[in-house]
1. What is the gain in length, in nm to one decimal, between Ala138 and Glu87 on full extension, counting 0.36 nm per residue of separation less the C-alpha to C-alpha distance?
2. For region 77-174, what does the alpha-carbon gyration tensor say about shape, rounded, prolate or oblate, given a ≥ b ≥ c as the root eigenvalues, a/c under 1.5 as rounded, and a/b over b/c as prolate?
3. In whole Å, what are the extents of region 1-106 along the principal axes defined by its C-alpha atoms, from largest to smallest?
4. How much mean residue ellipticity at 222 nm does the chain get from its helices, if each DSSP H run of length 4 or more adds -39500 (n - 2.57) and you divide by all residues, to the nearest 500 deg cm²/dmol?
5. Above 17 Å lies some portion of the pair distances; for region 22-82, what is it as a whole percent of all C-alpha pairs?
6. Taking only the Cα atoms of region 107-250, how large is their convex hull per residue, in Å³?
7. Excluding ligands and nucleic acids, what accessible area in Å² is computed for Tyr53 using a 1.4 Å probe, to the nearest 10?
8. Taking the Kirkwood radius as the inverse of the mean 1/r across Cα pairs, report the Rg/Rh of region 180-250.
Amino acid sequence: MPAGEKGKGAKKVAVVGARGYAGLELARLLLDHPEAKLSSCFAHDQSFRLADYLPESRAAKVPVRPLAELAEALSELDTIFLATPAEASLALAPTALAAGVNVIDLSGAFRFQAGTPSQREGRFELWYKAKHTASAQAASYGLVPFAMPVGSGGALIANPGCYATAALMAIVPLLKAGVISPKSLVIDAKSGTTGAGRKPSEAQLFSEVDGECFPYKIAQHQHLPEIREWAEAFSGVEIDPFFSTHLLPV
């Protein structure tokens, strides 16, 4: 976690989008983190309460505030975590950074960093099918232990994608050691249903996924260019893998 300059002891942090699966898990981890104080969460749904989902006694003491109050709350925070869709992160991150608050973004908004701003914008729009409104924003790709150095007070960390994390942790050391061929690399990836988030959809129904190993987004998944970019950045080896993604009923 990047260290802010405000106050001493545990850093004051907030989670935006705590109602989602990633946001809830993040809040759970932060409640027990020795160097972080989860001071608040922000959500559109004002009926949401952390204590309804997390058993930790401290969860009941964390207020859930409307997203409209985030801007005024930034002066109280060292770091915010954005467990939000990429479009929301693109709007929220620049405001927090301008206020000197560190941002750790869990979306794909800032994962592409190679090339010029226009090239990054083009890759994002091609793979995420959305307009990039902050393509010039420099971010550190937060994959430990290969993570790039970060500063403090207004630093932006792009949290790696799930498939990208699993793939890069496995292949980067092997590529660096030269024990696998970059020309015949197959990444056969599988995810559970939580990877699609909490928003209801027909494709996530039990009757649709039970007993299946369902391939999806073959050669179109947004984590493919992310894996390519950062495999080369961390290993010095250019790759073009066959990347297949599947949904498991777990």
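The values are calculated or read from the model by the stated rules, or taken from the named source; none is laboratory data. If you're wondering where the values come from, they're calculated on a predicted model, not measured in any experiment. In this analysis, Cβ positions are derived from the backbone assuming ideal geometry, glycine residues included, and neighbour counts consider all displayed protein chains. All accessible areas refer to the heavy atoms of the entire protein, side chains included, with ligands and DNA or RNA removed. Shrake-Rupley method; radii C 1.70, N 1.55, O 1.52, S 1.80 Å.
1. Details: separation 51, 0.36 × 51 = 18.36 nm, distance 1.68 nm.
Gain on extension, Ala138 to Glu87, equals 16.7 nm.
2. On the way: a/c = 1.68, a/b = 1.15, b/c = 1.45.
Verdict is oblate for region 77-174.
3. Its Cα atoms span 34, 32, 21 Å along the three principal axes.
4. My calculation for the chain gives -8500 deg cm²/dmol from helical runs alone.
5. Details: 638 of 1830 pairs.
That tail contains 35 percent of the Cα-Cα pairs.
6. 133
7. Surface accessible to solvent at Tyr53 totals approximately 100 Å².
8. Values: Rg = 14.6 Å, Rh = 13.7 Å.
Ratio value, two decimals: 1.07.
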